[in-house]
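**Q** Got a structure for you, questions after.
Taken together, the values in this text are just the output of simple stated rules run on the coordinates, not laboratory data. Being a predicted model, the structure only gives us computed values, none of them experimental. Don't worry about glycine lacking a Cβ; one is built from the backbone with ideal geometry, like all the others, and counts go over all protein chains shown.
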């Protein structure tokens, strides 16, 4: 139930501004997060009406954004000093490894003294990470100050592998719990030296991996250059599905800690989009249950991160001989993203009409098609032409 209480003259505006700055990083982000249409100099005159129309009262708006025990992500980046640190992992699997680990309590305590609950931990890939990830920023964790043994914050299978490997048995056993996590989209991964030049200038890589180092204001704000997709954290409320977007879009509308006790789905935020065509790799005849006659199974769509969409579809498959690969995408073709979903939808529709209409091609439901390679090439060209020519 919303409150009917109001503030003294000017108080409403001040309350809205406080929330907009701390929770969203400003009015512009707040309007984008709510899909309110005003932009530029039209924002300020519309602020109070939009808030009241959406939340009922300004007090209810403020209550909805009441401070939690954890810093908001935007607040962590913009605090003085930033509540943002850097460390390294061998990969990024928070759904199995939901913590930051330390070799001893002393190192963990030093990290706790230097941070506040809600600290953002930027993760770059090191050691045994995949070759295409090494040295790049691959993920972002938000951590509480809850401590415990590593085993409490990781899946039993992951713990078993760690505990039975002599190289890792004695490492990272003193845990600091993560509450939320975001994977960096492959297209926006940044070399850690470029992302955090001051924090890494000493090249004390072992120290960074073992203890972590704080980032300065500019380095912390470099998070906003990344594309992010929220992913699940072991022991937290599961995320059934999520989509990618810019860090400003993904972080701004989110509370600093879990707010739901049920699984949820996040829709992809408005913004620049790429077209893509994914191809299913494997025995197409076996998958179809009939001869494919040289045709292949594809998915035609659009996203701000085609590689992330590919990864999403692969995570939905069991570990088997079938995997999705990016056959065509804007980044692979060197195309700039189209400025809006409407542009991309027009291109998607053009692709799908060809993939469903050419002789020998047919829909397999939704965005999936059985198509010849010739038809796929024609569809890719037509889709991009339609998207480029779209007029608002």
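**Q** Please compute the contact order of the chain in relative form: average sequence separation of alpha-carbon pairs under 8 Å and at least six residues apart, divided by the residue count, as a percent. Before the final figure, lay out each step's value.
**A** On the way: 752 pairs, mean separation 54.0, N = 392.
Answer for the chain is 14 percent.
**Q** Separate question: From the helices alone, meaning DSSP H stretches of at least four residues, give me the mean residue ellipticity at 222 nm for the chain, per-run term -39500 (n - 2.57), in deg cm²/dmol to the nearest 500.
**A** Working: 17 runs with 138 residues, N = 392.
-9500 deg cm²/dmol, from helical runs alone.
**Q** Taking N as the number of residues in the chain, what is its alpha-carbon radius of gyration divided by 2.2 N^0.38 Å? Don't jump to the answer; show the numbers that get you there.
**A** Working: Rg = 23.2 Å, N = 392, 2.2 N^0.38 = 21.3 Å.
Output field value: 1.09.
**Q** Sticking to Cα atoms, compute the Rg of the stretch 274-389 to one decimal and its Dmax as the biggest Cα-Cα distance, whole number, in Å.
**A** Spelled out, the Cα radius of gyration and Dmax of the stretch 274-389 are 13.6, 41 Å.
**Q** Mind ranking 172-182, 293-303, 49-59 by how tightly packed they are, going by the mean number of other C-beta atoms within 10 angstrom, highest first? Walk me through the numbers before you get to the answer.
**A** Details: 172-182: 22.5, 293-303: 20.0, 49-59: 16.4.
Output ranking for 172-182, 293-303, 49-59: 172-182, 293-303, 49-59.
**Q** Moving on. Could you tell me how many cubic angstrom of Cα convex hull volume the stretch 335-380 has per residue?
**A** Working: hull volume 3.2 nm³, N = 46.
Residue-normalised Cα hull volume stands at 69 Å³.
**Q** Something else now. For the stretch 58-114, report the % of Cα-Cα distances exceeding 18 Å. Intermediate results must be reported in sequence, preceding the final value.
**A** Values: 922 of 1596 pairs.
Percentage above 18 Å: 58.
**Q** Going by Cα centres, the stretch 341-392 and the stretch 165-205 are how many Å apart?
**A** Taking the Cα centre of each part, the stretch 341-392 and the stretch 165-205 sit 40 Å apart.
**Q** Another question about this same structure. Please state, as a whole number in µm²/s, the translational diffusion coefficient that the Stokes-Einstein equation yields for the stretch 11-64 at 20 °C and 1.002 mPa s, with Rh defined as the Kirkwood radius across alpha carbon pairs.
**A** Details: Rh = 10.9 Å.
Result for D is 196 µm²/s.
**Q** Taking the highest mean first, how do the peptides 243-249, 118-124, 317-323, 208-214 order by number of other beta carbon atoms within 10 angstrom per residue? Before the final figure, lay out each step's value.
**A** Values: 243-249: 22.9, 118-124: 25.3, 317-323: 10.4, 208-214: 19.3.
Ranking, from highest mean packing down: 118-124, 243-249, 208-214, 317-323.
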